[in-house]
Amino acid sequence: MYDLIILGGGPAGYVAAERAGHAGLSVLLFETKSMGGVCLNEGCIPTKTLLYSAKMYDHACGAQKYGVTAEQVRFDYAKMVGRKDRVVRRMVAGVDAQMKNSGVTVVKGFASVVGKTSQGVTVGCNETMYEAKNLLIATGSEALVPPIPGIAVAGDRVLTNREVLALTQCPASLVIIGGGVIGMEFASFFNSLGVSVTVIEMLPEILGGLDREIAGQLREMYARKGVTFHLNAKVVRIEGDTVYFEKQGDTASVTGERLLVSVGRRPVVNGFGLETLGLEMERGGIKVDEAMRTNVPGVYAAGDVTGFSLLAHTASREGEVVVDRITGGSAAMNYRAIPGVVYTNPEVAGVGYTEEQAQSMGLDYRLIKLPMAFSGRFVAENDGVNGLCKVLVASDDTVLGVHILGNSSSEIIFGACMAMARAGKLSDLKEVVFPHPTVSEMLREAAFH
Ligand SMILES: Cc1cc2nc3c(=O)[nH]c(=O)nc-3n(C[C@H](O)[C@H](O)[C@H](O)COP(=O)(O)OP(=O)(O)OC[C@H]3O[C@@H](n4cnc5c(N)ncnc54)[C@H](O)[C@@H]3O)c2cc1C
């Protein structure tokens, strides 16, 4: 009898396993593919590795602006992909090692819940039964492929995040259905490499849920770089290499060698015996409370399988909350300060309420809006590019949200997260000495406006 069985070795599962192992629990983790889940194998890490190669190429092509001559700049797609695979292998090996060091037993195979007893939960895998006092379901999510007429017969022309990452040759043209975070990161990558990219988005703006003004500015930047956007456009059918979409009552079409579907993800909740537990569901995922407890005692869920945040850092923190609860703690999820980043070039990073959310909730807020050119370091490193920093504060100066368009924002947003996680005041930043010159000084600057 284990203390904890974990289904899934993604950021929710492996982080929970590591923390539980260190806390002295006996832990058994099942993973049917590679450790690290979507994040390490077909999400965060491979995309960011490829995007970094694209950024290097962008930098080399634009080096002249900085007084550097780089002639005959070329890229080697196969080498970029090879490097991405090496980075993934290294990170996966790191997680394997972490499991060993934490005393976690890992069983490779597809696990199914067999049933619940008064003692705990029974899970079967590779024809063996295992029992534990507690169960953490961390089976993640998978790409949603909508039943668009013609999509099923379009064959390997149609890609999700998984297949696009496995391409060994760069396509000449790419149509992306869905201008969300994943769609825009791939748009950025392929645009840098000179691929003709078209983004078809059903909503009036790309990056739904992010600050609207920043999303619009990023779209305009990419439109100037050659990406074609069709907003308010609904894909209605696919025929060969042609994608038909409806926009303002008219039907239009666009062709592309490849078609990337990035319209969202759905929790993995079917096919592994969850029905035997009688779990309550919500948003297509498993319903949990702030301690990641399901409606069944001793059964927890964390990560994308809850259908909520769909971010790796949320998944890991949720896994930690589960372990804290199992070991007698009182941790609870705090979603107030979950950052979101879009790793385009330039990047976008945000945390907390956007202006649109604050308005729809009727919050009393003050907006501080600064061009990134306030930061000397930003100007030094971003020739010919500006960005935007928006800070929302409540009437008592509590930070409600911070949204930044500009490079380095992914690295500095944690400062805003720290303020927000503690319901801090913007004026607190006046007492903090920031290193100069850094882009992070933008946050401190905002406190004086
Ligand atoms: C292209 C892309 C880019 C992304 N970039 C980012 C990013 O930059 N930052 C970010 O925060 N998030 C990013 N994400 C989201 C991030 O990958 C997910 O939020 C995160 O992986 C969720 O972690 P998880 O542990 O809940 O599930 P997953 O990572 O999905 O892991 C679940 C694991 O469970 C295993 N499993 C499922 N069922 C069973 C079973 N029955 N038995 C055994 N094993 C099973 C699966 O094989 C899988 O490995 C990205 C996603 C994609 C697709």
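The numbers here are math on the coordinates, done by the rules we state, and not lab data. Because the structure is predicted, anything quoted here is derived from the model rather than measured. When we count neighbours, we look across all protein chains shown, and the Cβ atoms used for this are built from the backbone with ideal geometry, even at glycine.
With a 10 Å cut-off between alpha carbons and a GNM built on the chain, which of L136, L218, L279 moves the most?
Largest GNM mean-square fluctuation: L279.
Could you give the nm distance between label points at S26 and T242, where each point is 7 Å from its Cα heading toward the beta carbon?
Each label point is offset 7 Å from its Cα along the Cβ direction, giving 6.5 nm.
Given points 7 Å out from each Cα along the Cα-Cβ axis, report the Q98 to T251 separation in nanometres with one decimal.
So the two model labels end up 5.0 nm from each other.
Could you list the trypsin sites (Lys or Arg not before Pro) in the stretch 255-324 that lie in coil according to DSSP, counting only those with at most 15 other Cβ atoms within 10 Å of their Cβ?
For trypsin sites (Lys or Arg not before Pro) across the stretch 255-324 that sit outside H, G, I, E and B with at most 15 neighbouring Cβ atoms in 10 Å, the list reads R283.
Residues with beta-carbon under 12 Å from that of E18, excluding E18: net charge, scoring Lys, Arg +1 and Asp, Glu -1? Can you show the working numbers first?
Numbers: positive: R19, K100; negative: D96, E320.
Computed value for this residue: 0.
Based on the Cβ-Cβ distance of E282 and T69, what FRET efficiency does E = 1/(1 + (r/R0)^6) give at R0 = 41 Å, to the nearest 0.05?
Between E282 and T69 the formula returns 0.10.
Specify which residue in the list G180, V121, T160 is farthest towards the positive end of the charge dipole of the stretch 67-197, using unit charges on the beta carbon of Lys, Arg (+1) and Asp, Glu (-1), about the Cα centre.
V121
Looking only at V227, V385, V399, which one moves most when the chain is put into a Gaussian network model with springs between Cα atoms under 10 Å?
V385
With a point put 7 Å past each Cα toward its Cβ, work out how far Q169 is from K234 in nm, to one decimal.
3.7
Once the convex hull of the alpha carbons of the stretch 89-140 is built, what does its volume come to per residue, in cubic angstrom?
Considering the Cα atoms of the stretch 89-140, their hull volume per residue is 101 Å³.
Largest first and in whole Å, give the semi-axes of the stretch 342-449's equivalent ellipsoid, each being the square root of 5 times a Cα gyration tensor eigenvalue. Could the numbers behind the result be given before it?
Numbers: eigenvalues 97, 50, 27 Å².
Working through the eigenvalues yields semi-axes of 22, 16, 12 Å.
Under 5 Å between amide hydrogens, which residues at least 5 positions from A301 or on another chain qualify, with H placed 1.01 Å from N in the peptide plane?
Those qualifying (amide H under 5 Å, at least 5 residues apart or on another chain) are I137, T294.
Residues with beta-carbon under 11 Å from that of S34, excluding S34: net charge, scoring Lys, Arg +1 and Asp, Glu -1?
Around S34, the charge tally is 0.
5 Å is the cut-off here: which amide hydrogens, built 1.01 Å from N in the peptide plane, fall below it relative to N386, excluding neighbours closer than 5 in sequence?
none
So what's Rg/Rh here for the stretch 282-326, counting alpha carbon atoms and using the Kirkwood radius for Rh? Could the numbers behind the result be given before it?
Values: Rg = 9.6 Å, Rh = 10.3 Å.
With Rg and the Kirkwood Rh in hand, the quotient comes to 0.93.
Among A132, A78, A20, which one moves the most in a GNM of the chain with springs linking Cα atoms closer than 10 Å?
Checking each option, the largest mean-square fluctuation is seen for A78.
Indicate the helices, whole DSSP H runs only, in the chain that combine a mean Kyte-Doolittle hydropathy of -0.5 or more with a Cα extent along their long axis of 20 angstrom or more.
44-61, 312-326
Putting +1 on Lys and Arg Cβ atoms and -1 on Asp and Glu Cβ atoms, find which of M56, A97, S34 reaches farthest to the positive end of the dipole of the stretch 1-117.
M56
May I ask for the net charge around I238, where only other residues with Cβ less than 15 Å from the Cβ of I238 are counted and Lys, Arg are +1 while Asp, Glu are -1?
Net of charged neighbours comes to -1.
Place a +1 charge on the Cβ of each Lys and Arg in the chain and a -1 charge on the Cβ of each Asp and Glu, then give the dipole magnitude about the Cα centre in debye, rounded to the nearest 20.
Details: 42 positive and 47 negative charges, 122 e Å.
Magnitude of the dipole: close to 580 debye.
So, by mean Cβ neighbours within 10 angstrom, what's the order for 124-130, 159-165 with the highest one leading?
With the highest mean Cβ count within 10 Å placed first, the list reads 159-165, 124-130.
Sequence gap at least 6, Cα distance under 8 Å: using those rules, report the relative contact order of the stretch 340-449 to the nearest whole percent.
Reported relative contact order: 30 percent.
Say the dipole of the chain comes from +1 at the beta carbon of Lys and Arg and -1 at that of Asp and Glu; which of A331, L259, G82 then lies farthest toward its positive end?
Of the listed residues, the answer is G82.
Work out the FRET efficiency for F374 and E431 from their Cβ-Cβ distance, taking R0 = 25 Å, and round it to the nearest 0.05.
About 0.80, to the nearest 0.05.
For the chain, calculate the relative contact order in percent as a whole number, restricting contacts to Cα pairs under 8 Å that are 6 or more residues apart.
14 percent.
Name the long-range amide H neighbours of G401: under 5 Å, sequence gap of 5 or more, or other chain; modelled H, no Pro or chain starts.
Y353, L392
Please report the antiparallel percentage of DSSP beta bridges with both residues in the chain, rounded to the nearest 5.
Of those bridges, close to 60 percent are antiparallel.
Give K48/K225; K48/K390; K33/K287; K116/K287; K234/K369 a once-over and call out the pairs whose C-alpha atoms are over 29 Å from each other.
Among K48/K225; K48/K390; K33/K287; K116/K287; K234/K369, the Cα-Cα distance tops 29 Å for K234/K369.
Please list the radius of gyration and Dmax for the chain, considering alpha-carbon atoms only, with Å as the unit.
For the chain, the Cα radius of gyration and maximum Cα-Cα distance read 23.1, 72 Å.
List, in order, the whole-Hz ³J(HN,Hα) value for each residue of the stretch 391-408 obtained from phi through the Karplus relation with A = 6.51, B = -1.76, C = 1.60 and θ = phi - 60°; use x for Gly and Pro.
Calculated HN-Hα couplings, in order: 10, 10, 10, 6, 4, 8, 6, 5, 6, 9, x, 9, 9, 10, 10, x, 5, 5 Hz.
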